[in-house]
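Visitor: Handing you this structure, nothing more for now.
The values are calculated or read from the model by the stated rules, or taken from the named source; none is laboratory data. Quick caveat: nothing in here was measured; it's all calculated off a predicted structure. Cβ placement follows ideal geometry from the backbone for every residue including glycine, while neighbour counts extend to all protein chains displayed.
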Amino acid sequence: MTEQARHISTDLVHHSYQAPQAFSAPQPAVHKASTVIFDNVQDMRTRRWLDKSGYTYGLHGTPTTYQLEERLCSLEGGKQCLLVPSGLSAISTVSLALLSAGDEVLMPDNAYGPNKDFAAHELSRWGIRHVLYDPMNVADLEGKITPATKLVWLEAPGSVSMEFPNLIAMVQTCRARGVTSVLDNTWGAGLAFKPFDLLADGGSLATDVSVHALTKYPSGGGDVLMGSIMTVSPSLHMRIKLTHMRLGIGVGANDAEMVLRSLSSIALRYHAHDVSARVLAAGLQRQPAVVQLLHPAFEGAPGHAHWKALCGSAHQGQGAAAGLFSVVIDAQFGQDAIDRFCDSLQYFKLGYSWGGPMSLVVPYQIESMRGCGGGALKAGTVVRFCVGLEDTQDLLRDLAQAWEKAFSQAWQA
């Protein structure tokens, strides 16, 4: 019986051509799939994805997402990594995986605002209590740990106000009390310090989990939303991974591709942001109307000694810090003047997030964001700057012209 010619529709779906496999290029291939094809029924029944030994469904991983996860492990020093659609998704997934009704979670008062909101409005509905602690007081953290405490969130530095905690002592406290610690490591990015090797001795002291908003420095373009969850403990990783699977969380292959393309330059970009930010922060610090500079690499900033101990050995002793800082402008200047300053900036655009090529500025009503531990901040209005990749001197001139318009003060060069 002669084989009938297939219809073109069938031929295009089941075409016999397979491209040769020996292909190498600087960027890995992009694999897009929901359905994954198996060789036979036995293969379908035995193939495993939980240990990354195979592929079963696009949501559970492809060569593209596995590549990104493994490269991120190299960046931060973890052993297992999960990708999620945003930094906030990383935060919420960890809390959902590790907390149950009747548990308690401790959070620094200067934590990322949406993390506190998630605890207050979502976790609370499931019978999970959250308690804020003073991020600059290890004793306050220790004193608030109870038998119900199952999770402690850490940030280094704090959101917006940039206080740098004694991270080493806080992780030691959590370990001594048998409580899981989770660090928001977006600022450090795996470059300022290693979250799983805090003493730089090969890993004797590590945070249990690191979450990272890949939206920021790993992406670097201000055009991708993604997050990661990293661990070194296989059992802890599996708890989070199963929750991740049950929630149906996944990321797009093209977004993973964009982060992969950017990772190779993250160290260069991070250092460039850092160097430029320090020049601009020093310029603002010279202005009489600035009553406080909130940049952990500067003497006198809240937690500078802790930053120096953890991050100070990088870059030939210059230390490493992100391109992010805030200033407190004297309370004598009202909100109109602050808004006029921000509106007058030409290269610093008004926008949330950070870590991209464009410089950003945001004024904050910090009093509404803090409940305890605010003693490190002086009275005034907090303005946060994200320094991009524009020329540093152009940015400095931009600050000067906006400053003179808003405050009727000559810029102190």
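Visitor: Is it the case that segment 60-82 has a residue that's part of a loop (DSSP other than H, G, I, E, B), in contact with an Asp or Glu (Cβ under 8 Å, 6 or more places away or on another chain) and touching a residue at least 24 places away in the same chain (Cβ under 8 Å)?
Guide: Yes, because at least one residue in segment 60-82 is part of a loop (DSSP other than H, G, I, E, B), in contact with an Asp or Glu (Cβ under 8 Å, 6 or more places away or on another chain) and touching a residue at least 24 places away in the same chain (Cβ under 8 Å).
Visitor: Separate question: Go through (1) surrounded by 22 or more Cβ atoms within 10 Å (Cβ to Cβ); (2) free of Cβ contacts under 8 Å to residues at least 12 places away in the same chain and name the single condition GLY356 misses.
Guide: Checking GLY356 against (1) surrounded by 22 or more Cβ atoms within 10 Å (Cβ to Cβ); (2) free of Cβ contacts under 8 Å to residues at least 12 places away in the same chain, the one that fails is (2).
Visitor: Continuing with this model, one more query. Residues in segment 5-25: is at least one polar (S, T, N, Q), surrounded by fewer than 15 Cβ atoms within 10 Å (Cβ to Cβ) and touching a helix residue (DSSP H, G or I) at 6+ places or on another chain (Cβ under 7 Å)? Even if it seems obvious, please write down each step before you answer.
Guide: Narrowing segment 5-25 to residues polar (S, T, N, Q): 9-10, 16, 18, 21, 24.
The next check asks that each one be surrounded by fewer than 15 Cβ atoms within 10 Å (Cβ to Cβ); those that pass are 9-10, 16, 18, 21, 24.
After this cut, where a residue has to be touching a helix residue (DSSP H, G or I) at 6+ places or on another chain (Cβ under 7 Å) as well, the list is none.
No, segment 5-25 has no match at all.
Visitor: List the residue pairs whose Cβ atoms are under 8 Å apart, where the first residue sits in segment 25-54 and is closer than 19 Å to SER262 by Cα, the second is aliphatic (A, V, I, L, M), and the two are 6 or more positions apart or on different chains.
Guide: Listed pairs, sorted by first residue: GLN27/LEU260; PRO28/LEU260; VAL30/ALA253; VAL30/ALA256; HIS31/ALA253.
Visitor: Is it fair to say LEU284 is part of a helix (DSSP H, G or I), over 28 Å from SER89 (Cβ atoms) and at pLDDT 95 or above?
Guide: On the way: part of a helix (DSSP H, G or I): yes; over 28 Å from SER89 (Cβ atoms): yes; at pLDDT 95 or above: yes.
Against the criterion (part of a helix (DSSP H, G or I), over 28 Å from SER89 (Cβ atoms) and at pLDDT 95 or above), LEU284 qualifies.
Visitor: Determine if segment 79-96 includes at least one residue that is surrounded by fewer than 21 Cβ atoms within 10 Å (Cβ to Cβ) and in contact with a Lys or Arg (Cβ under 6 Å, 6 or more places away or on another chain).
Guide: Of segment 79-96, the ones surrounded by fewer than 21 Cβ atoms within 10 Å (Cβ to Cβ) are 79-80, 85-86, 88, 96.
Narrowing further to those that are in contact with a Lys or Arg (Cβ under 6 Å, 6 or more places away or on another chain): none.
No: segment 79-96 contains no residue that is surrounded by fewer than 21 Cβ atoms within 10 Å (Cβ to Cβ) and in contact with a Lys or Arg (Cβ under 6 Å, 6 or more places away or on another chain).
Visitor: So, one more: How many of the residues making up segment 323-353 are under 17 Å from ASP398 (Cβ atoms) and not aliphatic (A, V, I, L, M)?
Guide: Total meeting the criteria: 13.
Visitor: Considering only residues that are closer than 19 Å to GLY250 by Cβ and either in a loop (DSSP other than H, G, I, E, B) or touching a Leu at 6+ places or on another chain (Cβ under 6 Å) (or both), which ones fall in segment 189-222? Before the answer, list the steps.
Guide: Residues of segment 189-222 that are closer than 19 Å to GLY250 by Cβ, as a first pass: 211-215, 218-219.
Scanning segment 189-222 gives LEU214, THR215, PRO218, SER219.
Visitor: Taking the conditions exactly as written (polar (S, T, N, Q) and not in a loop (DSSP other than H, G, I, E, B)), does SER9 satisfy them or not? Show your work before the answer.
Guide: Working: polar (S, T, N, Q): yes; not in a loop (DSSP other than H, G, I, E, B): yes.
For SER9, the condition - polar (S, T, N, Q) and not in a loop (DSSP other than H, G, I, E, B) - is met.
Visitor: Starting from segment 210-227, take each residue that is modelled with pLDDT of 95 or more and list its partners that are of a type in the set (D, E, K, R), counting only C-beta distances under 6 angstrom and pairs at least six apart or across chains.
Guide: SER210/GLU76; VAL211/ASP184; GLY220/ARG269; VAL224/ASP255; MET226/ASP255
Visitor: Now for a separate question. Inspect all residues belonging to segment 175-187 and state whether any of them is closer than 21 Å to GLU76 by Cα, small (Gly, Ala, Ser), free of Cβ contacts under 8 Å to residues at least 60 places away in the same chain and not in a helix (DSSP H, G or I).
Guide: Restricting attention to segment 175-187, the residues satisfying the condition of being closer than 21 Å to GLU76 by Cα are 175, 180-187.
Checking which are small (Gly, Ala, Ser) leaves us with 181.
Narrowing the set further to residues that are free of Cβ contacts under 8 Å to residues at least 60 places away in the same chain leaves 181.
Still in the running and not in a helix (DSSP H, G or I): 181.
Yes, segment 175-187 has at least one match.
Visitor: Let me ask something additional. For segment 314-331, how many residues are at pLDDT below 95 and polar (S, T, N, Q)?
Guide: 2
Visitor: Same structure again: For segment 332-346, state whether one or more residues are part of a loop (DSSP other than H, G, I, E, B), in the same structural domain as TYR270 (by TED's automatic domain parsing) and at positive phi.
Guide: First pass over segment 332-346, keeping only residues part of a loop (DSSP other than H, G, I, E, B): 332-334, 345-346.
Still in the list and also in the same structural domain as TYR270 (by TED's automatic domain parsing): 332-334, 345-346.
From what is left, the residues that are at positive phi are none.
No, segment 332-346 has no match at all.
Visitor: Output the number of residues of segment 373-396 satisfying the condition of being more than 20 Å from ASP336 (Cα to Cα) and either exposed (fewer than 15 other Cβ atoms within 10 Å of the Cβ) or aliphatic (A, V, I, L, M) (or both).
Guide: Within segment 373-396, the subset more than 20 Å from ASP336 (Cα to Cα) is 373-377, 386-396.
Next, only the ones that are either exposed (fewer than 15 other Cβ atoms within 10 Å of the Cβ) or aliphatic (A, V, I, L, M) (or both) stay: 375-377, 387, 389, 391, 393-396.
Of the residues in segment 373-396, 10 are more than 20 Å from ASP336 (Cα to Cα) and either exposed (fewer than 15 other Cβ atoms within 10 Å of the Cβ) or aliphatic (A, V, I, L, M) (or both).
Visitor: Same structure, new question: Given the residues LEU198, LEU167, LEU225, which is the only one that is over 26 Å from VAL383 (Cβ atoms), of a type in the set (A, V, I, L, M) and outside the structural domain of GLY380 (by TED's automatic domain parsing)? Break it down into steps so the answer makes sense when it comes.
Guide: Details: LEU167 fails: over 26 Å from VAL383 (Cβ atoms); LEU225 fails: over 26 Å from VAL383 (Cβ atoms).
Exactly one residue qualifies, and that residue is LEU198.
Visitor: Out of (1) touching a helix residue (DSSP H, G or I) at 6+ places or on another chain (Cβ under 6 Å); (2) surrounded by 14 or more Cβ atoms within 10 Å (Cβ to Cβ), the odd one out for TYR57 is which?
Guide: Evaluating TYR57 over (1) touching a helix residue (DSSP H, G or I) at 6+ places or on another chain (Cβ under 6 Å); (2) surrounded by 14 or more Cβ atoms within 10 Å (Cβ to Cβ) leaves (1) as the failure.
Visitor: Check GLU367 against each of (1) in contact (Cβ under 8 Å) with a residue 60 or more places away in the chain; (2) more than 30 Å from LEU268 (Cα to Cα); (3) part of a helix (DSSP H, G or I) and name the one condition it does not meet.
Guide: If we test GLU367 against (1) in contact (Cβ under 8 Å) with a residue 60 or more places away in the chain; (2) more than 30 Å from LEU268 (Cα to Cα); (3) part of a helix (DSSP H, G or I), just (1) comes out false.
Visitor: In addition: Does segment 238-279 hold any residues that are within 20 Å of GLY188 (Cβ to Cβ), in a helix (DSSP H, G or I) and not aliphatic (A, V, I, L, M), and which are they?
Guide: Selection gives SER262, ARG269, TYR270, HIS271, HIS273, ASP274, SER276, ARG278.
Visitor: Can you name the residue in segment 223-237 that is of a type in the set (A, V, I, L, M), in a loop (DSSP other than H, G, I, E, B) and touching a strand residue (DSSP E or B) at 6+ places or on another chain (Cβ under 9 Å) and, of all such residues, is surrounded by the most Cβ atoms within 10 Å (Cβ to Cβ)? Outline the logic, then answer.
Guide: Taking segment 223-237 as the starting set, the residues that turn out to be of a type in the set (A, V, I, L, M) are 224-226, 229-230, 232, 236.
Then keep just the ones that are in a loop (DSSP other than H, G, I, E, B); that gives 224-226, 232.
Next cut, touching a strand residue (DSSP E or B) at 6+ places or on another chain (Cβ under 9 Å) only: 225-226, 232.
Values: LEU225: 18, MET226: 25, VAL232: 21.
Among them, the one singled out is MET226.
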